[in-house]
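Okay, structure first, notes after.
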Amino acid sequence: IQPDNVSSSLPFEKRRDLVFFGYNNFANNQAVDWFYEEVLPRIKTGHKFHIAGTVETSVCNCETRCIEKKNVVCHCALDDSSLEGLIRESRIAVNPVLEPSGIATKTCRALAYKTPVVVSELDGTFNSKRTSLAGKRIPEKDAIAMANAINELLTEKEQWEAASNAAQNFIAEHFGFDQYRKDWSSILDYLEKEDPVEIVIGGSANINGDPTEVNNWNIANN
């Protein structure tokens with residue numbers, strides 16, 4: 001992830017609202033429905049919940065139509081530039097996932113734009129070694145704690161600025177180019193010690209003599 005340019009980040013006063021963005025899958029759909037029903041009613045008035053992506057939930061079904069509610073804006077699928085603008089203009093990004101997610105691209109992208117995040121502890125972007133003021137981790141399904149954390153960041157300028165300023169350092173340290181090179185070097189060093197195997201990026205491959213379609217990366221050494 002390329003950390004955002006500091007000079008291009010909008011300040012607290014020019015940002016509003018909350019944003020969630022993601023694809024149509026069970027974890028995202030479940031998270032949006034739970035957040036809408038349990039957390040959003042506890043958020044201070046004057047801020048809307050923006051939903052972007054192809055999620056298919058009771059509040060925003062992008063397979064059929066976008067549903068506008070009083071405090072919800074359903075954007076459905078956005079091009080990259082429009083999504084970037086939405087994240088930059090939002091005061092907070094949320095990921096209230098209720099299923100273990102591993103490292104969340106949505107969380108990392110928000111942080112790269114210096115947008116603080118409030119996430120459940122099942123978002124694997126943060127852990128005991130990867131911590132930051134930029135992200136507030138809330139126990140899963142604790143709607144009151146999540147709402148309180150969001151309300152603080154929505155209204156407390158100094159706290160928001162500290163979180164926003166910490167976001168870039170977190171991304172650069174854990175997911176920037178230097179860390180990317182270090183991780184790949186470790187992988188390749190390990191693979192050099194193993195028996196030679198084929199690298200498959202995508203398409204067709206032979207596994208145990210049988211033709212197989214491959215859609216994912218198989219990290220290997222040849």
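The values are calculated or read from the model by the stated rules, or taken from the named source; none is laboratory data. Quantities reported herein were computed from a predicted structural model and do not represent experimental measurements. Using ideal geometry, Cβ is built from the backbone for each residue, glycine included, and neighbour counts are taken over all protein chains shown.
Before we move on, is R91 at pLDDT 95 or above, basic (K, R) and buried (at least 16 other Cβ atoms within 10 Å of the Cβ)?
Here the answer is yes, as R91 does meet what is asked.
Return the residues of segment 17-29 that are over 19 Å from L78 (Cβ atoms) and under 15 Å from the mean Cα position of the chain (by Cα); say none if nothing qualifies.
Answer for segment 17-29, where residues must be over 19 Å from L78 (Cβ atoms) and under 15 Å from the mean Cα position of the chain (by Cα): just A27.
Looking at segment 117-125, is at least one residue surrounded by fewer than 20 Cβ atoms within 10 Å (Cβ to Cβ), under 30 Å from F177 (Cβ atoms) and not hydroxyl-bearing (S, T, Y)?
yes
Looking at V59, V73, V97 in this structure, which one is under 22 Å from L10 (Cβ atoms) and among the β-branched types (V, I, T)?
When all the criteria are applied, what remains is V73.
Looking only at residues in segment 149-168 that are in contact (Cβ under 8 Å) with a residue 40 or more places away in the chain and surrounded by fewer than 18 Cβ atoms within 10 Å (Cβ to Cβ), which one is farthest from L10 (Cα to Cα)?
Per the stated criteria, the residue is N151.
Determine which member of the set R65, R42 is on the phi < 0 side of the Ramachandran plot and modelled with pLDDT of 90 or more.
R42
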